[in-house]
Amino acid sequence: MDLGLVLQIFLNGLMIGGIYALIASGFTLILGVIQVFNFAQGQFYMLGAFVAIAAVTNLGLPYPVAILVALLATALLGAVLYFGVIQWTTRSGFFNTMLVTVAFGTVVAQAAMLSFGSREAVLPPVVSGTISVGGVTIPNGKLVVIAGAVVVMAALHYFMKTRIGVSMLAAAENRDVASLQGINPKRVFWVTMAVGCGLCGVAGALVAPVLAASGTMGSTIFIKALLVVLVGGTGSMSGALLAAFVVGIAESFAFHFFGHLGLLVIFVLVAILIFFRPGGLLGKPLPVPGE
């Protein structure tokens, strides 16, 4: 295997890792601040892809605007999910709230299958052509995905330094102490839900020109996002970002060498890691909230 092929596989891993990073960051944020295990996280990714495709093909909006529309739509739906369901079920315990997100995700997935069927929706390439560097051919579309993921993660980094971002971190650390400091938990929680779901919507919009969108893409990506969270460490944002690229690159190489058995290889590697480090790379074992 020559160096050019290795770089191609590595580039694919970076692209996949960037998408995993956005989804896992949103999941970790919601789990850490609201203490909600959001099983519907992958469905927001799927909705983001379809919203972006509809915005470009049906409304004729520019692709950057379509990404913004996907962000706003999924963030709004996340806030609706919080106000309509989650804020009422958190009083009943962690597992009841988790089951609610399972039900919500199932409804969204079935609605997508009824609306779009098994066909795949494709967004025409936003940036065509390739770049050749040192004999390595790099599709411009993949570079757009990588660059977009980096920009969004940088924006998230600076957002977490704002007043509301610091409030979210304080609530994740200790919500009782945060309340004593004058932080409004209700406001922090719905903003967290909106941001966490919006990150998934952006991820779906970013891959729409590169990967075909389907009604089942949410369930598939959620399983891999869970792997990322387990590898990085539950509750660790930095761990989720690191693990996203580790898993993405490992998956890219595993798929090249083992084909469809590549995912099984990733599961085995994750199981070995969790056996020796139950808290993942940078986290700690997840305690059940309320216990």
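The values are calculated or read from the model by the stated rules, or taken from the named source; none is laboratory data. What you are looking at is a predicted structure, and each value in this text was computed from that prediction instead of being measured. Every residue, glycine among them, receives a Cβ derived from its backbone with ideal geometry; neighbour counts consider all protein chains shown.
Observations, loosely collected:
- Scanning the stretch 182-190 turns up at least one residue that is within 30 Å of residue 50 (Cβ to Cβ), surrounded by 14 or more Cβ atoms within 10 Å (Cβ to Cβ) and among the aromatic types (Phe, Trp, Tyr).
- Count of residues meeting criterion [β-branched (Val, Ile, Thr) and surrounded by fewer than 23 Cβ atoms within 10 Å (Cβ to Cβ)] in the stretch 223-238: 2
- Restricting the stretch 267-291 to residues that are modelled with pLDDT of 80 or more and farther than 12 Å from residue 230 by Cα, the residue that is surrounded by the most Cβ atoms within 10 Å (Cβ to Cβ): 268
- Residue 60 meets each of the listed conditions (1) buried (at least 23 other Cβ atoms within 10 Å of the Cβ); (2) over 19 Å from the mean Cα position of the chain (by Cα) apart from (1).
- Considering the stretch 17-49, the residues that are part of a helix (DSSP H, G or I) and surrounded by fewer than 24 Cβ atoms within 10 Å (Cβ to Cβ) include one that is modelled with the highest pLDDT, namely 31.
- Checking the stated criteria, residue 214 turns out to be crowded, with 16+ Cβ neighbours inside 10 Å and either farther than 22 Å from residue 41 by Cα or modelled with pLDDT of 80 or more (or both).
- If you check 270, 188, 210, 195 for being within 26 Å of residue 148 (Cβ to Cβ), touching a helix residue (DSSP H, G or I) at 6+ places or on another chain (Cβ under 6 Å) and of a type in the set (Val, Ile, Thr), only one passes: 210.
- Residue within the stretch 136-145 that is at pLDDT below 85, surrounded by 13 or more Cβ atoms within 10 Å (Cβ to Cβ), touching a Ser or Thr at 6+ places or on another chain (Cβ under 8 Å) and among the small types (Gly, Ala, Ser) present: yes
- Options 179, 219: the member that is closer than 19 Å to residue 74 by Cα and assigned to a helix (DSSP H, G or I): 219
- In the stretch 218-233, the residues that are in contact (Cβ under 8 Å) with a residue 60 or more places away in the chain and more than 12 Å from residue 270 (Cα to Cα) form Cβ pairs under 7 Å with partners that are in a helix (DSSP H, G or I) and of a type in the set (Ser, Thr, Tyr), at six or more places apart or across chains, as follows: 218/45; 221/45; 225/20.
- Selection from the stretch 89-107 of residues that are surrounded by 16 or more Cβ atoms within 10 Å (Cβ to Cβ), of a type outside the set (A, V, I, L, M, F, W, C) and at pLDDT 85 or above: 89, 97, 101, 105
- Residue match in the stretch 35-55 (condition: of a type in the set (S, T, N, Q), over 20 Å from residue 215 (Cβ atoms) and touching a Ser or Thr at 6+ places or on another chain (Cβ under 6 Å)): no
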